[in-house]
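Data block below; observations after.
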Amino acid sequence: PENLATKVVLITGSASGIGEQLAYEYGRQGAFLSLVDIKKDKLVAVADKARSLGSPHVIIIGADVSKVEDCKRFVDETVNYFGHLDHLVNNAGIAMVKAVENCHDVSMLSSVMDVNFWGAVYGTLFAIPHLKKRKGKIVVIASACGWYPLPTLSFYNASKAAMISFFETLRTEVGWAIGITIVTPGMIKTDLCMHDILDIESSMRIVPMGTAVECAKAVLKGVCRGDMYVTEPSWVKMMFPWKL
Ligand code: NAD
């Protein structure tokens, strides 16, 4: 497995859920951390815990990934502080539960794409030159929804499918220089995925299958092993039995 000690790792959306647990997992491996989230105040406690688990140094940056100038700033601040960047983890994301026919608020609709897809793209564009210098890695937290669309999550599903397509393409262009790991988790218990997320507007009941801790550990394994997908086959089997 790749030795992550002293690697400089930037994680977006690290104030809660999967991103928070990724901060702890990378911290345990001794990585330097740049933690980015729109909720900067919540990053303080995450940074403290990541340090206590073994990260030699953690910085926190408040930023909105859907804003291109914020993405430039968090990459610049990280490289200026640590001198280089080894891993970019595109994790920040939001979900919106709504049937397509009830979607009338256009600004709300575009925000899902702006955060999930454009947020990951912007950060990546600014990080590529730095990652190339280090034979670095990009980790993308997409979703099994990008493969198997769930009802009432159309814009979320589409944003995740777009992420998969974009980063698959990027791999064909820069894969020789930068490792790209696209992770497609199933249902994970976090703020984003409440237990009954899909009860709100659909007849489907979705029960989270994993914890953020399990997901983060699986991601780190994927990062160490190289390019791979992480899905929970049990989730796919339950939701889409005809696919297996
Ligand atoms: P979460 O809500 O616990 O964490 C998301 C984090 O992103 C939060 O800290 C939030 O403040 C931050 N964030 C939101 N918008 C932002 C913005 N504009 N700029 C910067 N930060 C922002 O949710 P989570 O479940 O941990 O989600 C993390 C990632 O995992 C997301 O990309 C999500 O789509 C993906 N994912 C989640 C599940 C699941 O079931 N929970 C499944 C598959 C994929």
Determine whether the range 30-51 contains at least one residue that is surrounded by fewer than 23 Cβ atoms within 10 Å (Cβ to Cβ), among the polar types (S, T, N, Q) and either more than 14 Å from the ligand (Cβ to nearest atom) or not in a helix (DSSP H, G or I) (or both). no
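Here is a yes/no grid of residues against (1) assigned to a helix (DSSP H, G or I); (2) of a type outside the set (Asp, Glu):
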| residue | (1), (2) |
| --- | --- |
| Val79 | yes, yes |
| His104 | no, yes |
| Ser111 | yes, yes |
| Asp114 | yes, no |
| Ala120 | yes, yes |
| Ala127 | yes, yes |
| Lys135 | no, yes |
| Tyr148 | no, yes |
Only residues that are part of a helix (DSSP H, G or I) and at pLDDT 85 or above: list them for the range 176-210, please. none
Taking the options Val106, Val65, Val100, name whichever one is over 18 Å from Gly27 (Cα atoms), free of Cβ contacts under 8 Å to residues at least 60 places away in the same chain and in contact with a Cys (Cβ under 7 Å, 6 or more places away or on another chain). Val65
In the range 5-33, what residues are in contact with a strand residue (DSSP E or B) (Cβ under 8 Å, 6 or more places away or on another chain) and more than 17 Å from Ile141 (Cα to Cα)? Thr6, Lys7, Val8, Gly27, Ala31, Phe32, Leu33
So, in the range 129-153, of the ones that are surrounded by fewer than 19 Cβ atoms within 10 Å (Cβ to Cβ) and either among the polar types (S, T, N, Q) or more than 14 Å from the ligand (Cβ to nearest atom) (or both), which residue ends up nearest to Gly210 (Cα to Cα)? Pro151
Go through the residues of the range 101-121 one by one and say whether even a single one is among the hydroxyl-bearing types (Ser, Thr, Tyr), near the ligand (Cβ under 10 Å from one of its atoms), surrounded by fewer than 21 Cβ atoms within 10 Å (Cβ to Cβ) and under 17 Å from Gly13 (Cβ atoms). yes
Give the residues of the range 219-234 that are surrounded by fewer than 19 Cβ atoms within 10 Å (Cβ to Cβ) and part of a helix (DSSP H, G or I), sorted by residue number. Lys221, Gly222, Cys224, Arg225, Pro233, Ser234
Out of Ile18, Ile59, I need the residue that is without any contact (Cβ under 8 Å) to a residue 40 or more places away in the chain and either within 16 Å of the chain's Cα centre (by Cα) or at negative phi (or both). Which one? Ile59
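The values are calculated or read from the model by the stated rules, or taken from the named source; none is laboratory data. All figures in this text were calculated on a predicted structure; none of them were measured in a lab. In this analysis, Cβ positions are derived from the backbone assuming ideal geometry, glycine residues included, and neighbour counts consider all displayed protein chains.
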